[in-house]
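Just below is one structure, and these are the notes that go with it.
We did not get these values from a lab; they are worked out from the coordinates using the rules stated. Everything numeric here is computed off the predicted structure, so don't read it as measured data. Backbone-built Cβ (ideal geometry, glycine too); neighbour counts: all protein chains shown.
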Amino acid sequence: MVSLCDIEIGQEAEISNFLDTSIKCNSQRFGMFEGGKVKCIAKPGPVIVEISRQVVAIGKNLAGKIFVEVCEN
């Protein structure tokens, strides 16, 4: 398990855990939930991910509090 900010561009991952419940609640607004899939699109500063055909930019501080399992292709 790694944080969202540690995945590489192009990698897909499954969200496994959030650091606390407030992060979990705020992330659900953008379709990010435990068991959901994300794909890293870019990392120019914030981590830019694709979630169900929606592109979301997540600051590095917040991305470090979202934990994922990298999917093997």
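Running a GNM on the chain with Cα contacts under 10 Å, which residue among VAL47, VAL56, VAL38 ends up with the highest mean-square fluctuation?
The residue that fluctuates most here is VAL56.
Calculate the length of the line joining the C-alpha centroid of region 2-24 to that of region 28-73, in whole Å.
6 Å
Not counting the cut sites, what is the longest span of the chain without GluC sites (Glu not before Pro) that DSSP labels loop and that have at most 11 other Cβ atoms within 10 Å?
The longest uninterrupted stretch comes out as 9-71.
Which percent of Cα-Cα pairs in the chain sits in each 5 Å bin, short to long?
3, 19, 33, 31, 12, 2, 0
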